[in-house]
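The values are calculated or read from the model by the stated rules, or taken from the named source; none is laboratory data. Just so it is clear, the model here is predicted, and its values are computed rather than measured. Here the Cβ is made from the backbone with ideal geometry for all residues, glycine too, and neighbour counts use every protein chain on show.
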Amino acid sequence: MKLRHTFGMLLLLLLLCAVYYGLQYYRIQQQETARVARKVFQFEPEDLRQLTIDRIDEPACKAKCSADGVWKILEPNITITPFQMMWGRVAEKLSQTLNEHTVLSQLTDPAQYGLDIPVLVIAGETKDGDTFQLKFGEIDPTQRSRYAWLNDGDLFLVKTDTYFELNRSLDELRHRFLVNDREAALIEIDFAWIWGGREEDAAGEEKETPKIGEESIAVLVKRDAVDTPWRMTAPKEAPANHHAVQALAAELQYAVCKEFIDTPEDLSDYGLNPARARITVKDADSGEEQILWIGAPDESPDKKGLFVKREHEDAVLVIDPHLVALLPHDPLEWRDKRLLTRRVSDINRLEYTTEFDGFVLEKKDGGAWYLSKPVMDKVNGPAVSGFLSFFKEIEGGKFVKNIDEKTAFATPAAHIKLHFENESTAKILIAAHPATPEEFIALQDSGGIVSLSESAAKMLLTDSENFRSREILRFNNTDVTELAFTFEGVDYHIIRRHKQWILKEPESMQLHNQADVAVLLDAINPLFMTGSVTTETPEEGNIYGLDTPVLDLKITLDNETDAPHTPVTLHIGAPNPANTNERFVQSSTRDGIYRISQEVMDEIREALGGIN
């Protein structure tokens, strides 16, 4: 095919495509023109300045709209806060209402179509002063449309889904949440119980009985931003219990009102005259104060709720009663009860001192903790991590009042000094309770004094020996090439050849099962102490029975990291006179003499039972 023929066919193809898309565009334009011609109203949503939605089963709801698109309810109560999004949606759907089919140009019998008593009447006014009234009657026989009557003129059909969008109840058109903007997180909560003559209303009071309607001690918590921790600023300046405060903040932010009493006859019927509590909140976006009055629980047999009233609204709201469980019953209940209220990751040095002992934990550049004092040959890493984890999470009980700090902590059971990365310091003290010595108290790093349970105190009252590694002996079983030992007067010699264990001594005995050697090795590897006698190896071991040990063991290892045929020795001596369930032990892998459980001997004896 010649080039000019190809070029001609390409032009023809382009022409056909242009004709096709032109026809499609024309068809779409025709459809849009037809749709616009079927529009019941010619105004845009933003042109509306007033709307009245009058449903057959409830009072009419009337609202006006400002030029900037903000709606305000006028009826049935001007104090009702509108749900802006829903009013905007109704305005948009109304402006898009279509005439699906004109039934009559002049209606003489409205009752025939259910329009003598309309199920819904939408009336409105535009910015140009034009008014309209749209009535809805029965559903047509196809069940797809409803009869509609505009300004008592033409009778036409409107789709049922359009009717559904316009047929909004007052509950749908009003703001149903406790806070103005439930998308904005709260950054401030100010709470106070209100004295109403009941004992529980004076929670935490330390003064004379207040007057009816007077607030108790206010609790104020704040945070600088959504991602920062909560702090208490009243009645004390202190870190706040973040989880407790955040739980209430989330409940307030997302609570949905289940019911409204728009014209309450007497607020006393709802526990709101006076209210039982006041909550004032601020969110991160507007920063405006929003006041909520908490009333009594709804005690109706078939309902469970809590009566609440928003400031500047007449209506009484009913919400989930769970909110009450999140309110503090003591002014200091929201204060952080942890002994360490700052982040443990900010600490770079911890100095722990008691009357008889002490230790220092420091953090390396990589973030790992180590024991810098006292210097130990082997440190129990999990014990250090466990102490820090417990220290980070432990909480006190109640805050202890009317106690003198200097007197109470004059001779503390433990003094913990903390050094932080920003070069600041803090202290935590633990002591017996002055009034009840069998109980404990603790001074937080933030300065508060809290009660401390006996079990928690025992976990914190530690000493340096608890960080010493309990491991006496550890090796890789696969590296063992030879075992030579004497147990209860019998000499044993076992070697490994061709991945098999061979018993060389006693010559009169046989090794019947290879697994018995594995059981023997597992009995001593790893081997942990139950306690320490001395970290230095004495010249004479006869007082511990180590001069004539019940087990005298030499293990030969052959691996890539150690020198070949490295011997490891283990000596198990006499029972501990103070505890017959323990024996003294000495190992070549760790200086000193230690105590081990008698169970180790039983396991060795069981393993050797297969050699006979």
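Does residue 475 count as in a loop (DSSP other than H, G, I, E, B), out of contact with any helix residue (DSSP H, G or I) (no Cβ under 8 Å at 6 or more places or on another chain), surrounded by 15 or more Cβ atoms within 10 Å (Cβ to Cβ) and not charged (D, E, K, R)?
Values: in a loop (DSSP other than H, G, I, E, B): yes; out of contact with any helix residue (DSSP H, G or I) (no Cβ under 8 Å at 6 or more places or on another chain): yes; surrounded by 15 or more Cβ atoms within 10 Å (Cβ to Cβ): yes; not charged (D, E, K, R): yes.
It is true that residue 475 is in a loop (DSSP other than H, G, I, E, B), out of contact with any helix residue (DSSP H, G or I) (no Cβ under 8 Å at 6 or more places or on another chain), surrounded by 15 or more Cβ atoms within 10 Å (Cβ to Cβ) and not charged (D, E, K, R).
The requirement of being surrounded by fewer than 17 Cβ atoms within 10 Å (Cβ to Cβ), of a type outside the set (Asp, Glu), in the same structural domain as residue 222 (by TED's automatic domain parsing) and under 23 Å from the mean Cα position of the chain (by Cα) is fulfilled somewhere in region 308-321, by at least one residue. In the set (1) among the β-branched types (Val, Ile, Thr); (2) more than 19 Å from residue 61 (Cα to Cα); (3) at pLDDT 95 or above; (4) more than 52 Å from the chain's Cα centre (by Cα), residue 142 fails one condition alone, (3).
For residue 168, the criteria (1) buried (at least 19 other Cβ atoms within 10 Å of the Cβ); (2) over 18 Å from residue 71 (Cα atoms); (3) out of contact with any Phe, Trp or Tyr (no Cβ under 6 Å at 6 or more places or on another chain) hold in every case but one, which is (2).
Which of the residues belonging to region 49-72 are closer than 22 Å to residue 119 by Cβ and assigned to a strand (DSSP E or B)? Outline the logic, then answer.
Within region 49-72, the subset closer than 22 Å to residue 119 by Cβ is 50-63.
Correct list: 50, 51, 52, 53, 54, 55, 61, 62, 63.
Condition first: of a type in the set (Gly, Ala, Ser) and either closer than 14 Å to residue 440 by Cα or modelled with pLDDT of 90 or more (or both). Now tell me which residues in region 386-405 satisfy that. Listed by number, the residues that qualify are 396, 397. Considering region 455-472 alone, what residues qualify as being in a helix (DSSP H, G or I) and among the hydroxyl-bearing types (Ser, Thr, Tyr)? Of everything in region 455-472, those that are in a helix (DSSP H, G or I) and among the hydroxyl-bearing types (Ser, Thr, Tyr) turn out to be 455, 464.
Of the residues that sit in region 274-291 and are in contact with a Leu (Cβ under 6 Å, 6 or more places away or on another chain) and of a type in the set (A, V, I, L, M), which one is surrounded by the fewest Cβ atoms within 10 Å (Cβ to Cβ)? Let's see the steps before the verdict.
Within region 274-291, the first condition is being in contact with a Leu (Cβ under 6 Å, 6 or more places away or on another chain), and the residues that meet it are 279, 281, 283.
With the extra rule that they be of a type in the set (A, V, I, L, M), the set shrinks to 279, 281.
Numbers: 279: 20, 281: 22.
Result: 279.
In region 213-239, the residues that are buried (at least 18 other Cβ atoms within 10 Å of the Cβ) reach residues that are among the hydroxyl-bearing types (Ser, Thr, Tyr) and in a loop (DSSP other than H, G, I, E, B) with C-beta atoms within less than 6 angstrom, at least six apart or across chains, in these pairs: 238/446; 239/341; 239/446. The set of residues in region 42-88 that are touching a residue at least 40 places away in the same chain (Cβ under 8 Å), of a type in the set (Gly, Ala, Ser) and more than 18 Å from residue 166 (Cβ to Cβ) contains only 67. Kindly evaluate residue 67 against the criterion of being closer than 30 Å to residue 310 by Cβ, among the small types (Gly, Ala, Ser) and at pLDDT below 95. Spelling it out, residue 67 is indeed closer than 30 Å to residue 310 by Cβ, among the small types (Gly, Ala, Ser) and at pLDDT below 95.
Being under 17 Å from residue 444 (Cα atoms), not in a loop (DSSP other than H, G, I, E, B) and not assigned by TED's automatic domain parsing to the domain that holds residue 251 is true of residue 418.
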